[in-house]
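Reviewing the structure listed below.
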Amino acid sequence: MALSRLWQYVIAILVFNILSVIVWSLFSKSGFGGNENYDYLLLAIQWAPGICSQKQCYDPLPTRWTLHGLWPTFDDKRSSPEDCESSCTLDPLSGHLESEMKKKWPNLYGEDASFWKNEYCKHGTCCTDILSKPTDYFKAALKLLDIASMNNVLSAAGISPNSGKSHSFLSMDNAVSEILKVKNVKYVCAEVNGKQVLTEMRLCVHKSLSFMVCPSKDTGRTCDKSKHFYLLSDDS
């Protein structure tokens, strides 16, 4: 009997250990098993006139490229890590940082603070190995947006917001390559009144916080690059 109970105990321990490994593996793939579990960051920047041509947004619309988010990302087909802290809070921002966030990272649909909290809790908690505090995360994204210098990129491509004029993705790719020295940038488009409208760009960022060539992995709803696109003006 004693031997039988011993075997039951050994089997229980083995089962527990096996289940622990399985659970840990599942959590790691979904983003929970350590915030170093990603390959690079994805900087998503958005053009409000394009987005708000299909959705109801707050007025006045930003007349510059603004941030959508900075997202830790895998370089394969797995879903990117999200919500890496089971309990996440964000203290109110203040001073110069809050002012800059309102200008460069506004919520197009509602309250800014709720948008910032969602982005940090969903994505920022998964890259605390390099950006340990919420303010580090926000400041890094703001700096990357400035480095992206979209006005310079568009000027090099000969592109300005104009709802009646279309442009080739080749001209945009060449300008991005010339100014930012990267390739494989991902574009996000929407179909608006029969036009392919550019709404967002996604740039890949190394953990050193420098831009890098994106892996070939599809990082979003890509545009049809064989067709021209429109960069809508804010009076569309």
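The values are calculated or read from the model by the stated rules, or taken from the named source; none is laboratory data. Not measured: the values here are computed from a predicted model. FYI the Cβ positions are ideal-geometry reconstructions off the backbone, even for glycines, and counts take in every protein chain you see. The protein model used for the area step is the full one, side chains on, heavy atoms only, and it has no ligands, DNA or RNA in it. Shrake-Rupley method; radii C 1.70, N 1.55, O 1.52, S 1.80 Å.
In the assembled protein chains, Ser114 presents an accessible area of approximately 60 Å² (probe radius 1.4 Å). Residue ranking by accessible heavy-atom surface, 1.4 Å probe, largest first, among Thr135, Thr89, Thr66 comes out as Thr89, Thr135, Thr66. Charges were assigned to the Cβ only: +1 to each Lys and Arg, -1 to each Asp and Glu. The resulting dipole of region 86-236 about its Cα centre is roughly 420 debye. Considering all alpha-carbon pairs of region 103-173, what whole percent are spaced by more than 18 angstrom? Of all Cα-Cα pairs in region 103-173, 56 percent lie more than 18 Å apart.
Region 55-119: which GluC sites (Glu not before Pro) are DSSP loop and have at most 12 other beta-carbon atoms within 10 angstrom?
Glu111
Taken about its Cα centre, region 148-202 carries a charge dipole of roughly 60 debye when the Cβ of each Lys and Arg holds +1 and the Cβ of each Asp and Glu holds -1.
Is there a pair in Lys139/Lys207; Lys133/Lys181; Lys104/Lys143; Lys77/Lys227; Lys143/Lys207 whose C-alpha atoms are over 18 Å apart, and which pairs would that be? Those over the limit are Lys133/Lys181; Lys77/Lys227.
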